[in-house]
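Read-outs: derived from the displayed coordinates by stated rules, not from any lab. The structure presented is a predicted model; accordingly, all values stated were derived computationally and were not measured. Note: ideal-geometry Cβ built from the backbone for every residue, glycine included; neighbour counts use all protein chains shown.
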Amino acid sequence: MHAMTVFYIIIQQLVNGLILGSFYSLVALGYSMVYGIIKLLNFAHGDIYMVGAFVGFGALGIFGGALGIGWLGITVALVISMVLVGLLGIVIHRVAYQPLLNKNAPRMSLLITAVGVSFTLFNAVMVMTSGEYKAFTTSLGYDGISVGPVNITYTQIIMVVATAVLMLCLYWFINRTMYGKAMRAIALDQDACRLMGINVTKTISLTFFVGSALAAAAGVMAGVYYGSIQFYMGFIIGLKAFTAAVIGGIGSIPGAMLGGLILGLLETAGTQLPFVGSAWKDVFTFGILILLLVTKPTGILGKSEIERM
Amino acid sequence: MSKKFLSMLAVTILSFTVIVTGCGTQGSAPSGTSSNSSDTQSTAGSGDIKIGLPLPMTGSEATYGKDMENAIKMAVDEVNAKGGINGKKLATVTGDDACDPQQATAAANKLVSEGVVAIVGGYCSGAVVPTLTIYNEKNLPFIVEAANSSKITDQNPGNTFQINGTAVHQTQKAVELFKKLGAKNVAIVEQGDAYSSDLAKQTEAAWKAAGNTVVSHDVTTKGEQDFSSLVTSLKSKNADLVFWTAYYADGALLIKQLRQGGYKGSIVVGDGSSDPKLIQMAGAAGEGTYVLSPPVAEFLPSAKQFADAYKAKFNQTPGAYAPLAYDGINLLADAMKRAGSTDGKAVIKALTETKDFPGLAGKVTFAPNKTLQESNFIVLQIKNGQFVLQ
């Protein structure tokens, strides 16, 4: 085993940070999209990620026998989870949020409802699983490439590539399709959209579908990568992804991607730094983020809101 | 105006209901200060001797709680079948502490208000420590069966007896094991809670006192799944042994990621991780991991009968703390008989005077600080997907 010189440590931690950041980015995207379109901080989003992991676990359990628990089985489970949880996102929007939006309810009510949805989701899963951790077993091994003492497994590479692909697809969707155009338009001015004949409610539902599907994808990948899932796993990642979305500029899609990566990199850097270590890494990370926000309150890529009187 | 007010009121009440029911039944969530009548389950009739059982019945440690409750109930049934104590039958009241200090306090108050005369149980040290004075105020003897943080020993108001090996005993065993494995640079990883932090700090002190090096002492967050940066950090510090002092769910992930990251040294885990689920969740990466364990039934020659009876009754093998849980009730029954009453102070005195009580896990005699005179920790290793006694 080669000794880990500073150069190799930096490379390995960069890789670690990139992978961690990918998960944060995928979940942060959902936060940003929903906020951008209806100005709601969807606290239930972290739990959508968790539900996605469990649906993927269930799907793998059902189809694993036929398709095996290698990449084919995982991909099928991923797709199933994305679709089903995307639909769940639509249901939540129609049942919990849209009625309040229709009545021009105060922002606080929407926020509380989101908290309620979050509690409902993870408590339901807790009861159904008796609070137990479920082992997400796949047949993936630890083969990978080694550059000196730096190890990168094929699984990690595929995760990062998959995340990048999903984000590229989202970018294409938002910027090159009519649906995406509608979403961006609604984020600017809802009433004008209605005047232009855009079905605002349907488009918002679509936003929830896409955001939830992405979170579900992250959930399944986390299950595959880390190997265990539990009803409470959405809490921490929801909190961090939300922070990442704000750092990158809430409402901005590239911002969410950037925010997630920055957060992941800061965390891994914090663990390695002397005087910080894993005990203080969160203090370190969030301290820097506070400074970032103080200097640029709307986030790195955020746009300042101009209120037209 | 009133319609808007009514709808806001309805939303508030609805969300409040959701939050309260959520807080009342969940595990390690950011819980508030709710206490629910659903937290205690009692089997008592009037005239029975009520024993309170504070255990994690929900949350990440629920499997331990249920296992201990099973063993306790089995012991209670056996005592009752032999005629009970001083003519009265034993009955149990379970209080769910969910391994959370706030819920534990609420459950403790509930148990006390139900009129229990003794307390047996306690798995998570973090959930036990805040309840010690609550029980002591009513002079309730508290037999702690699994929680072993030295915080409990230090803050013992006089009514608490620990029949599990404490962190002091476990530290001794750990240092012994590290020496045997020829480790030079040890890295310790804990989770900041009463149990893991205590074990980590004591092990660090003891290892350093023996003239060795602790290359890093890290604290991870419970529930966070990504240890990759920690793994890299440990590798960069050339640790040849990693000692994980917290629980099995995150421990399994750490083990997986250590091996995935190419770590070749030894891995030792404390008794909070000594669970078959560790093997299941760590998978192939778990091979060769050393586990410090409380005396588990399958490795105790005296416990064969107990293990068979447990298997017959509950359709599963007894868990790691079942023998101790079983011993706790029998020890309490023995103390009550010796005291000739269920009066708290008398029973506490009788417990203090316990000498060589024959438990499944070994003979119980209490040292002056009300912990075991002799340690009962054992060392296991994961070989071929099974725990093997070392």
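The alpha carbons of the range B:300-354 give a radius of gyration and a Dmax of 14.1, 38 Å, in that order. Net charge of the neighbourhood of B:Ala285, taken over other residues with C-beta under 13 Å away and scored Lys/Arg +1, Asp/Glu -1, is +2. In terms of its alpha-carbon gyration tensor, the range A:153-309 comes out oblate; a/c meets the 1.5 threshold, while b/c is at least as large as a/b. Dividing the summed helix terms, -39500 (n - 2.57) for each DSSP H run of n ≥ 4, by the number of residues in chain B produces a 222 nm estimate of -13500 deg cm²/dmol to the nearest 500. Shape of chain B from the C-alpha gyration tensor: oblate (a/c of 1.5 or more and a/b not above b/c, with a ≥ b ≥ c the square roots of its eigenvalues). To test your reading of the geometry: what angle, between 0 and 90 degrees and rounded to tens, separates the Cα axis of helix A:154-176 from the longest principal axis of chain A? Helix A:154-176 sits roughly 20 degrees off the main axis of chain A.
Modelled spin-label separation between A:Leu293 and A:Asp189, with each label point placed 7 Å from Cα along the Cα-to-Cβ direction: 3.1 nm. Can you check what the net charge comes to around B:Ala91, using other residues whose Cβ is under 12 Å from the Cβ of B:Ala91 (Lys, Arg +1; Asp, Glu -1)? Residues close to B:Ala91 contribute a combined charge of +1.
All other residues whose Cβ lies under 11 angstrom from that of A:Ile174 are scored, Lys and Arg at +1 and Asp and Glu at -1, for a net of +3. The label-point distance for B:Thr213 and B:Asp154, in a model that sets each label 7 Å from Cα toward Cβ, rounds to 2.9 nm.
Annotated for the range B:226-340: lysine pairs at least 8 residues apart or interchain, Cα distance under 15 Å, count 6. If the chain linking B:Gln390 and B:Lys363 were pulled fully straight, counting 0.36 nm for each residue of separation and taking away their Cα-Cα distance, it would gain 7.6 nm.
Please quote Rg/Rh for the protein assembly as shown to two decimal places, taking the Kirkwood radius as Rh and restricting both calculations to Cα atoms.
Details: Rg = 27.1 Å, Rh = 27.0 Å.
A ratio of 1.00.
Once the Cα atoms are used to define both axes, helix A:71-92 deviates from the longest principal axis of chain A by about 30 degrees. Computed from point charges on the beta carbon alone (+1 for Lys and Arg, -1 for Asp and Glu), the dipole magnitude for the protein assembly as shown about its Cα centre is near 1120 Debye.
Counted over the range B:179-262, the DSSP beta bridges are approximately 0% antiparallel. Dividing the summed helix terms, -39500 (n - 2.57) for each DSSP H run of n ≥ 4, by the number of residues in chain A produces a 222 nm estimate of -25000 deg cm²/dmol to the nearest 500.
Near the amide H of B:Ala118, within less than 5 Å, lie the amide hydrogens of B:Gly52, all on another chain or at least 5 residues away, with H placed in the peptide plane.
Determine the alpha carbon to alpha carbon distance for each of B:Lys88/B:Lys345; B:Lys82/B:Lys110; B:Lys173/B:Lys383; B:Lys179/B:Lys370 and list only those over 27 Å.
Working: B:Lys88/B:Lys345 19 Å; B:Lys82/B:Lys110 30 Å; B:Lys173/B:Lys383 20 Å; B:Lys179/B:Lys370 29 Å.
Exceeds cut-off: B:Lys82/B:Lys110; B:Lys179/B:Lys370.
Length gained on full extension, A:Asp143 to A:Val79: 20.6 nm, using 0.36 nm per residue less the C-alpha separation. Each part gets one Cα centre, and for the range A:164-224 versus the range B:358-390 those centres are 58 Å apart. For the range B:112-117, putting each phi into the Karplus relation 6.51 cos²θ - 1.76 cosθ + 1.60 with θ = phi - 60° gives couplings of 4, 5, 7, x, 6, 9 Hz, in residue order, rounded to whole numbers and with x for Gly and Pro. The angle separating the long axis of helix A:178-188 from the principal Cα axis of greatest extent in chain A is about 70 degrees. Label-to-label distance, B:Ser341 versus B:Ala206, with points set 7 angstrom from Cα along the beta-carbon direction: 4.0 nm. Once the chain from B:Ala81 to B:Ala284 is taken as fully extended at 0.36 nm per residue, the excess over their C-alpha distance is 68.6 nm. At an R0 of 51 angstrom, the distance between the Cβ atoms of B:Ser302 and A:Val161 translates into a FRET efficiency of 0.35. Over all orientations, chain A has a Cα convex hull whose mean projected area works out to 17.8 square nanometres. Within the range B:212-231, list the residues whose amide N lies under 18 Å from a label point set 7 Å along Cα→Cβ of B:Asn238. Answer for the range B:212-231: B:212-217.
When the square roots of the Cα gyration tensor eigenvalues are ordered a ≥ b ≥ c, the ratio a/c for the range B:168-293 is under 1.5, which makes its shape rounded.
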